[in-house]
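These notes are about the structure you will find just below.
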Amino acid sequence: MQMLKNYIGGELVDPVQGHYIDNVEPATGQVYSQIPESTSEDLERAISAAEAAQPEWAALSLEQRAAILTRVADTIDDHSNELAKAEAIDNGKPFMLAKNVDIYRSSANIRFFAQAITQFSSESHATGNDAINYTLRDPIGIVGCISPWNLPLYLFTWKIAPALAAGNAVIAKPSEITPMTAYLFSKICIEAGLPKGVLNILHGTGPSIGNPLTTHPKVKAISFTGGTSTGAHISRVTAGMFKKLSLELGGKNPTLVFADCDFEDTVDNVVRAAFSNQGQICLCGSRIYIERPIYDKFKAAFIEKVRELKIGDPLDADTQHGALVSKPHMEKVLSYIELAQEEGGTVLTGGKRVSLDGRCQNGFFVEPTVIEGLDNSCRTNQEEIFGPVCTIMPFDSDEEAVTLANASEYGLASSIWTSDLKRAHRVAKQIEAGIVWVNCWLLRDLRTPFGGVKSSGVGREGGLEALRFFTETKNVCIKY
Ligand code: NAD
């Protein structure tokens, strides 16, 4: 059985207390490795390593830091097949998705911020004829990065890269449900020559290591991506500690399909938006509103495409729909499918657990599921299911579409499908979400602000927003 290790001070080390927890392969349901259940004692070691390393790291020139980070990105690329396979085994996602999206984006994240820091500039203000002000943006010191299981290495690097580029030392905690690529990443950092202690990776659960990390007085900023209730918990336990917090939380994203959309393209992309990564992307469009004149035609075409999705072993190259990440998560998703029917919904396709032949017969597979006939206010349409389940509903006007889309406690992402440019701009402006895609979904430019409103989070990641978050601002005013 493979035993994962923490990464502290540039070394791979066992947890101080010697406790480990099981790591399960979702496609088989079998325990295949164990991960450290780190505690405050491991955190203290990481803090010491980070404190020792940070001043020297921050003192490097931007070009030197950028060069080291670029080497880390290149080393990810050198190991991309191994990492994609590890991600598929650990998470249950199709290998091809892991390779083309997760691992590709992981090195892109690091390369992007390695370059971005060399372009990061601050403002100066001439104050009449009296003075000049200029703004310094210095590293914060030690920062914490906590990531979820759905896009394990992708979201881990999305936080670590700007934090390191800005000159901080990082203590990072991947999800205990998908720890493998973070562990392989620590080996990659060693291979690429990342200075010791600049990045420390601690494995474990929220209670064992997440809580100590977020509440440690020397950790001055927390960048967190995960569930809304965990984000609320982090806000509560850090209240009064004056830490910077970036919280990227849950979503229940609306997809608005207008009668004048490019029909075939929209059907293809709405399927992708609903079911990519088995619906386990925070940006997935799970509430699909369709303008009534095309409702029946769209429904028929949509269901046909959904049924074509190939469910299979995540390691098979032609698999499009893999396993859900864990047994408890699969049970949660199946319970929502039951709830939807109790609430009056009709399952148009899917709805059941799937048992595959061979090594995957005990895996956590659930069919892509489409439900209709539900009221917008029911729990199925209001609560985040975070699985391969979407609902379809008709609407009659732009105003109604916007009202339905906005009737949610969440506000992360949304997509609008129309060929009317004026409508696209108008509806985009009215939708309560941090991200609006028009005639596309998940088309990402890493320079753009990324994050949600309402219960979907506080703060923005991406581009300069992330570099601003991971720096402390100081204004200097000089009188002439
Ligand atoms: P989660 O909140 O259970 O866990 C996320 C991370 O927080 C894990 O590393 C976990 O160990 C850690 N954690 C748990 N309790 C903690 C505590 N008390 N203190 C500190 N850390 C703690 O979320 P999850 O189930 O891993 O991920 C799914 C959720 O993430 C969904 O709600 C999804 O929408 C959301 N998500 C949001 C975005 C975004 O960008 N907004 C992106 C991906 C996922």
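Converting phi to 3J(HN,Hα) with the Karplus coefficients 6.51, -1.76 and 1.60 and the offset θ = phi - 60°, region 443-457 yields 7, 10, 10, 5, 7, 7, x, 10, x, x, 10, 6, 7, 8, x Hz in sequence order, with x at every glycine or proline.
Under the Kirkwood approximation applied to all pairs of distinct alpha-carbon atoms, what is the hydrodynamic radius of region 119-216 in Å? Kindly include the intermediate steps, with their values, before the conclusion.
Working: mean 1/r = 0.0655 Å⁻¹.
15.3 Å is the Kirkwood radius here.
Treating each Cα of region 71-183 as an identical point scatterer and summing with the Debye formula, the log10 of I(q)/I(0) at q = 0.10, 0.16, 0.17, 0.18 Å⁻¹ comes to -0.37, -0.74, -0.80, -0.87. Here's the picture: charge each Lys and Arg Cβ at +1 and each Asp and Glu Cβ at -1 in region 80-190, and of ALA86, LEU136, ASN150 the one pushed furthest to the positive end of that dipole is ALA86.
If you count the DSSP beta bridges with both ends in the chain, what percent of them are antiparallel, to the nearest 5?
45
Loop-located GluC sites (Glu not before Pro) across region 69-131 with a Cβ neighbour count of 11 or fewer within 10 Å are GLU123, with loop assigned by DSSP. Counting only Cα atoms, the size of region 12-85 along its three principal axes is 47, 35, 14 Å, in decreasing order. Only loop residues by DSSP count here, and only those with at most 13 other Cβ atoms within 10 Å; note down the GluC sites (Glu not before Pro) in region 364-424 that meet that. Passing both the DSSP loop test and the Cβ count: GLU409. Going by alpha carbons, how many degrees (0 to 90, nearest 10) lie between the helix axis of 80-91 and the longest principal axis of the chain? Orientation of helix 80-91: about 60 degrees from the principal axis.
Helix 40-59 and the longest principal axis of the Cα set of the chain meet at an angle near 70°. For the chain, the relative contact order comes to 19 percent (Cα pairs under 8 Å, sequence separation of at least 6). Computed over region 353-480, the range of Cα coordinates on each principal axis works out to 76, 46, 28 Å, biggest value leading. Each principal axis of the Cα cloud of region 60-104 was evaluated for its coordinate range; sorted largest first, these ranges are 41, 16, 14 Å. Taking every alpha-carbon pair in the chain and binning the separations at 10 Å intervals from zero gives 4, 20, 29, 25, 15, 6, 1, 0 percent. Taking amide H as placed 1.01 Å from N in the peptide plane, the amide H of GLY457 sits under 5 Å from that of LEU249, each at least 5 places away or on another chain. Helix content alone sets the calculated 222 nm mean residue ellipticity of the chain: runs of n ≥ 4 DSSP H residues at -39500 (n - 2.57) each, divided across all residues, give -11500 deg cm²/dmol.
Put simply, the C-alpha atoms of region 160-245 give a gyration tensor, and the ellipsoid matching it has half-axes of 23, 16, 10 Å, longest first. For region 383-438, the pair-distance distribution built from all alpha carbon pairs, in bins 5 Å wide starting at 0, is 4, 16, 28, 29, 16, 6, 2 percent.
Derived from the Cα gyration tensor, the three semi-axes of the equivalent ellipsoid of region 74-135 are 44, 11, 7 Å, largest first. Here region 230-261 is scanned for amide nitrogen atoms under 19 Å from the site 7 Å beyond the Cα of THR215 along Cα-to-Cβ, giving 230-246. Can you tell me the 0 to 90 degree angle between the C-alpha axis of helix 152-165 and the longest principal axis of the chain, rounded to 10? Its long axis makes an angle of about 30 degrees.
Here the Debye sum runs over all C-alpha atoms of region 247-399 as equal scatterers in vacuum, and log10 of I(q)/I(0) at q = 0.12, 0.13, 0.14, 0.17 Å⁻¹ comes out as -0.48, -0.56, -0.65, -0.96.
No lab work stands behind these numbers, since they all come straight from the coordinates. Because the structure is a prediction, the values reported are computed rather than measured. Every residue, glycine as well, gets a Cβ built from its backbone with ideal geometry; the counts of neighbours run over all protein chains shown.
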